[in-house]
Structure formats: structure tokens, C-alpha cells
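The values are calculated or read from the model by the stated rules, or taken from the named source; none is laboratory data. If you're wondering where the values come from, they're calculated on a predicted model, not measured in any experiment. Here the Cβ is made from the backbone with ideal geometry for all residues, glycine too, and neighbour counts use every protein chain on show. When the accessible area is computed, the model is the full protein with side chains, heavy atoms only, and any ligands, DNA or RNA have been set aside. Shrake-Rupley method; radii C 1.70, N 1.55, O 1.52, S 1.80 Å.
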Amino acid sequence: MEHSVKQFRLELMQEAQTIWLTAADFSISEESENFIRYCHIQDGHDLSVEIRQRIQGAETLSTISVQHNGSGSVRSVQYPIEEYRELATFDRLLMSSAWGDDIPRPSKTIHDVSTSTSIRFDQDYIRYRPDEIIYFYPSIMAMQYMTVYNPARTRYLATYSTADETMTFHAKSTGKYSLELFVTHYPFLKKERWVSPECGRANLEGGWHCAADLYRSHMAECFLAPDTPEWLDGEYHGWCEYGIKYEKEAPRAQFSQLEEIYQKECEALGMNHLFLVGWHDNGHDTQFPRYLPCEQVGTAEELRAGIESIHRRGGRVSLYTNARLIDIYGDFYREGGKNAVSLDETGKEYHEDYHTESLYAVSCPGCPEYAQHMAEIAERISGEYGADGMFVDQISCNLDPFCYNPDHGHTKPSNNFLPGVETELTGLTRAARKRNPAFHTFAEGCHERLGQFYDVNQGHGEEYTWQIGRSLPEQFLYTYPNRIVTGICGDKQQLYHAMAQFKALDIKSECRADPSNHPLVKRYISLRKKYPDYFFQAEFLDDEGFLYEKGIRLFAVRARNGSTAVCLWKPGAAEETSCRAKVYLPDGVHQLSPLPFSKTEFTYENGWAEVTWTGALTYFILE
């Protein structure tokens, strides 16, 4: 057993004191090639730790178990722990967030950002300690792996948990050219035994795709794609977001004008899905989870009539909700919702302020009061208002704090969120589909486990989100290629990036405000309709297995019939730009056939295809 596999840290809580123990504080009572047992009996502590490992191909798999018999409790266990020395200046660290945090020069970057306040958001979704960044799973982490990589060498660290405990993933700068990665589990042990999920570490050939492939080989059968309504597989092109009312502002329109809004904001771009934000209460980010139509915008009857007018035009409408926050000034909180709020160790609520007159407490989502209320909201949105879908905000990329309320159903503070959100999402979907079997749900962010319970992942990363380093939005879709993931489109270059990935579009008002984007979107939607095999029923390959010259981005998908389509994107190019690129033809491919998106020509020489086209994007099929 390698030295690194044997390393762990335990956090003991005793009489309001925190005591950290490492493997060096234990004596070894038994050791063999694939097993080691540690004991620690002193100062009232009675602990035993066992580590088991097995080798599977290039990967070392191991588990750690802790038996606590003494005084106090074990709050957390840090395992696995891996230190990487002699980092190169071109190494990158990839954290598996909803948008993929691809961090250059990780030891330096982590040192810089952990001591800076300029990058912080009000809620600090990524947590910081000196020289350390901390990502929570299930939020901010979308998946359970981290990798330090360069073109020739990849170091991989992962857990493979299907249990209910929240974990944290840490990257710590330990020197100018060294980095420690580790995972913290929160078993809250008191005179009982706990066993970790299986953990993996491996040295791989280079790049991040091999890490994603290894992770997928473990988890693809654990977390399955949701059972989506049939219409999404062939019709779902994303949505156009429209904010109809914001607090302290006059309404931008009335519910009676929804058909006109749909014509202007959706049909003009070839889109068929209006996502209505700010439709409720005093406008966006107010009075969650009340969700009654804003009286300044119109009545419930006018909302339904507006939605029906869009249905007659062949369109769909979805309404915004937040599935995490409770307004402490609202009726729901006063009339029993207070019982469904998460509490910290001191018994205080976690509060968040979104700069409206509402002040929000973070829910404990599995509490029956909250889960039932959200199910009733979903049924009302589906049945009474006649909407086609419901956005559930802050599910897959916002902090999930521990809940110490002893009256809630969870057995420990760390297993409140994962099973709670599953209960919430399952209940609201079931309630909505009782009224409309074709009703769909979509959620902020991407998540391997929670995404089993909603239909569409709102991808991030084409624009600036909360990331450290650059975003790599391709990571989640490459790891889970059978999920529906949208691309955020706030301007033309973000639009190109989302289109290049063959994604459905999340079109913001800023993007729609530029009329030159309208024919571009219409052309893309027309292409999706004509070639559903590549835009709906295909596996996302990213650029894995392709050789091409620098200066372009290449994305590929494989259809169910085995054929492959490719998109080339010249970042920074405009619609009138003349572009060229060379792509090496994969084995068995003899020529390329253009799809009708841009004027494209090909010449061939020595196994290479030179592609010339006009505009930022071109699509073609390998033949």
C-alpha cells in the first residue's frame, strides 16, 4: 500500500474543543499489502481506523472506516489525501463544478484568490481559507472528481458516493510548485462505525478527458438520465428568458401582452419557448415561496389566457421559481414554514439577502412543510396557470449548508440536502404531471445526482459565472453525454460557444437586443430541426480523438447510428469573417460533407482536410 493511500485526518469534537488527528497519531495494529488498521486509545479517545485498497487497471481504489468508542465525537474525516509536488507552470487543476473550473498555475492561483476579496460574491458559494479553495458537493461540485493535468500527464482523485452525506472537495497550495487535494466527509460519529464511499486515485496519460472517462466508467450506471417528456427529444431548443417585473420598477409588460412578447422575443429568433421571470408577487427575487401572480402585471386568469395564446401559436411557456429560499417576512414562514428552515450549530438560521425587501432563510428541503408546499406550487403552475414548465432555481449550484435542527427527519447535519432535494424535486414533478403529463422542469446548474430529478440542466460557463480560472462548460456534458444541457447566451460570442457545443440555447435579453443575432439563431434552430440525430439524440464527444491546428475550437457529437458531426468555431470571428482550419481525418474517414449553416469548402492533402468557411461556425459530417 502506497504511503499516500494510508494518509488521513480526523476532526474530533470534545467539550467545545476541536482536535485534529493524523495517521501519525495512531499506532498500527495490523498491516498487509492491501489493508492497514490503526488504533488510538489515549486521553479518553478510543478510535480505530481501517483502510482497504484494491487495484483496478491504472486506478487504486480504497475505502476508510472509522470506529468511534470514546468520548466526544468525530465530526469529519479527510480522505483521500494526495499531495502533488513539482507542479509545472503549465499544469492545470480542473474542479468538477457545474461550469468546470479549469484553473491555470493552480498553486499560485489558489494562493492569490484565497487572499483576495475582489472575486467574492455576496454568498461565497466557493469557500476559502488561506491558500485553500473549498467546493461543496452536491453544490458547487456537479461531480466528484478533481484532476491536475497537462498534455502528457494527468493526476486524478475522486470519490464514488451514492450516499446522502454532503462532502467538500479541497485544493490547497502547499508551496510554490506543490498542491494538496483532499476530500472531507462529515459522518458526525458518536460511538458508532462509519465507512467512506470508495475513493479512486490514478496517474493517467494526459488531458482531462481520460479523467472524465474513468469517472464515467464508475458512475454512469449510478446516476441515470431522467425520464423526460417525449417532446423534449426532438423539439427542445432551449428558451428565451424575459423578465416581466422587478421590485421597485414598473412592469415591463402585462400578462395580456404575452402573445406579443412571444412573437417579438421568441418567434423573431425561431425559438418556441418563453421563460417568464418576475411574474410573481412583487417581481423577481421577492416573497419566495409564495408564487402568486404579480398584481401589477395582471390576474391569474390573465396569466393563463396569455399562456393559452402562446399555445395557439405552437409555443410553450415556463415560469420561474426558487426551490431553496424562504422569505422570513412572508406568510409561509409565519404559518409553519419557519419549521422547515436550516439551522446552524448555534441554532441560528442561515440568511441570504438578494437586495430586495425580502430577507431569505435557507430551507431544509426535505421537510414536509416545504416539500409539500413546493409540490402545491408546481401543481398550480401546471394546472391553474397552464404553464408547460417550471424553473427550479438554486438547486445545483448554490451552497447547501448543514442543518442542526434536531426535529427534522435527517439523521445527521450533513445528510439534510441530498435526500431532501430528491424528495422536493420528486414531489413537485409528480404533482405537476398529474395536471399535465408533458410538464417539464429545469434547474440552475448541472448535477449528476440531482439532475436525475429534473429534465434540463441550465449549463453555465459560456459567460462569467462564479468560477476560478476559465470555465470549461464542456466537462459536464462530456462526462454525462445523455443529459440535456443548455448554453448561456448573453452576447454573440457566448451564443457561438453554445451553438458550437450543439447545445440548446438559454438566450438572455442582452443577446436578443442585438438584432444581428436574430438570423443567426434562426439559422441554428433550422439546422437543429433538420438534423435531430446530431442535436437531440447524440453523444457529446468534445474534441477527444481529433487532431487539428490551433486557433480554432472543435466539438463533435456521435449520433445513435454511429455517424459523427463536427463543428468548428473560430473564437472572435464575426459573421462576415473568412476562416480556415486544418483537421486530420480520423481513421476510416475519407471526406467531409457540409451541413447547411455556412458556406464551406474542403480540400484534402496527406490525410488532412483544409476547411474554409465564412462566419464563426461551420458544421460538417464525417464520411
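Stick to Cα atoms and the Kirkwood definition of Rh, then tell me Rg/Rh for the stretch 356-497.
Value, to two decimals: 1.00.
Starting from the stretch 59-114, pick out the chymotrypsin sites (Phe, Trp or Tyr not before Pro) whose DSSP state is loop and whose Cβ has at most 14 other Cβ atoms within 10 Å.
90
In Å, the Kirkwood hydrodynamic radius of the stretch 328-438 over pairs of distinct alpha carbons?
Its Kirkwood hydrodynamic radius stands at 14.7 Å.
As a test, work out the antiparallel percent of DSSP beta bridges whose residues both lie in the chain, rounded to the nearest 5.
80
Can you order the peptides 498-504, 294-300, 24-30 by their average number of other Cβ atoms within 10 Å per residue, highest first?
By packing density, highest mean first, the sequence is 498-504, 294-300, 24-30.
In square angstrom, what is the accessible area per residue of the chain with a 1.4 angstrom probe?
Heavy-atom SASA per residue in the chain reads 39 Å².
Can you order the peptides 283-291, 528-536, 587-595 by their average number of other Cβ atoms within 10 Å per residue, highest first?
Output ranking for 283-291, 528-536, 587-595: 283-291, 528-536, 587-595.
Take the Cα atoms of the stretch 133-249, find their three principal axes, and give me the spread along each one in whole Å, biggest first.
Projected onto its principal axes, the Cα set of the stretch 133-249 covers 49, 45, 37 Å.
What shape does the stretch 424-492 take by its C-alpha gyration tensor, where a ≥ b ≥ c are the square roots of the eigenvalues and a/c under 1.5 counts as rounded, a/b above b/c as prolate, and the rest as oblate?
Because a/c hits 1.5 or more and a/b exceeds b/c, the stretch 424-492 counts as prolate.
Would you mind checking the radius of gyration and Dmax of the stretch 220-368 based on alpha-carbon positions, in Å?
Calculated on Cα positions, Rg and Dmax stand at 18.1, 54 Å.
Taking only the alpha-carbon positions of the stretch 531-589 and ignoring solvent, what does the Debye formula give for the base-10 log of I(q)/I(0) at q = 0.20 Å⁻¹?
The Cα Debye sum returns log10 ratios of -0.83.
Compute the label zone of residue 470 within the stretch 173-214: residues whose backbone N is under 16 Å from the point 7 Å along Cα-to-Cβ.
Answer for this model: 207-209.
State, to one decimal in nm², a quarter of the convex hull surface area for the C-alpha atoms of the stretch 513-611, i.e. the direction-averaged projected area.
7.1
Where both residues lie in the stretch 352-487, what percent of DSSP beta bridges are antiparallel, nearest 5?
20
By its C-alpha gyration tensor, with a ≥ b ≥ c as the square roots of the eigenvalues, how is the stretch 16-161 shaped: rounded for a/c under 1.5, else prolate for a/b larger than b/c, else oblate?
It is oblate, given that a/c is not under 1.5 and a/b is not larger than b/c.
In whole angstrom, note down how far apart the Cα centers of the stretch 112-186 and the stretch 298-371 are.
The stretch 112-186 and the stretch 298-371 have Cα centres separated by 30 Å.
Could you run the Debye sum over the Cα atoms of the stretch 342-407, one equal point scatterer each and no solvent, and tell me log10 of I(q)/I(0) at q = 0.14, 0.21, 0.23, 0.26 Å⁻¹, two decimals?
Those come out to -0.56, -1.04, -1.13, -1.21, one per q.
Would you work out which of 208, 196, 303 lies farthest towards the positive end of the dipole of the stretch 176-324, given +1 charges on the beta-carbon of Lys and Arg and -1 on that of Asp and Glu, about the Cα centre?
My answer, from the dipole projection, is 196.
Tell me, rounded to the nearest percent, the portion of alpha carbon pairs in the chain spaced more than 50 Å apart.
Across the chain, Cα pairs with separations above 50 Å total 13 percent.
Can you check how the C-alpha radius of gyration of the stretch 425-570 compares to 2.2 N^0.38 Å, as a plain ratio?
It is 1.10.
What number, rounded to the nearest 500 deg cm²/dmol, is the helix-based mean residue ellipticity at 222 nm of the chain, given -39500 (n - 2.57) per DSSP H run of at least four residues and division by all its residues?
So the calculated ellipticity at 222 nm is -5500 deg cm²/dmol.
Determine the shape class of the stretch 390-473: with a ≥ b ≥ c the square roots of the Cα gyration tensor eigenvalues, call it rounded for a/c under 1.5, and otherwise prolate if a/b is greater than b/c, oblate otherwise.
Oblate.
What is the P(r) of the stretch 142-200, as percent of Cα-Cα pairs per 10 Å bin from 0?
For the stretch 142-200, the binned pair fractions read 17, 46, 26, 9, 1 percent.
Subtract the Cα-Cα distance of residue 311 and residue 355 from 0.36 nm times their separation in residues, and report this length gain in nm to one decimal.
Gain on stretching residue 311 to residue 355: 12.4 nm.
How much of the accessible area of the chain, probe 1.4 Å, is carbon plus sulfur, in whole percent?
Carbon with sulfur: 47 percent of the solvent-accessible area.
On a full-extension model of 0.36 nm per residue, what is the gain between residue 2 and residue 582, subtracting their alpha-carbon distance, rounded to one decimal in nm?
Extending this stretch completely gives an extra 204.3 nm.
How large is the Rg to Rh ratio of the stretch 32-103 when both quantities use alpha carbon positions and Rh follows Kirkwood?
1.11
Going down the list 6/176; 248/492; 172/348; 245/492; 245/529, which pairs span over 28 Å between their C-alpha atoms?
In this structure, 248/492; 172/348; 245/529 exceed 28 Å between Cα atoms.
Applying a 10 Å radius around every beta-carbon, put 545-552, 165-172, 383-390, 429-436 in order of their mean neighbour count, most first.
Listed from highest to lowest mean packing, they are 165-172, 383-390, 429-436, 545-552.
Return the FRET efficiency for the residue pair residue 591, residue 221: r is the Cβ-Cβ distance, R0 is 45 Å, and the value is rounded to the nearest 0.05.
The value I calculate is 0.75.
Apply the Karplus parameterisation 6.51 cos²θ - 1.76 cosθ + 1.60, with θ equal to phi minus 60°, to every residue of the stretch 367-384 and state each ³J(HN,Hα) to the nearest whole Hz, in sequence, with x for glycine and proline.
4, x, 4, 7, 4, 5, 4, 5, 5, 5, 4, 4, 5, 5, 4, 6, x, 5
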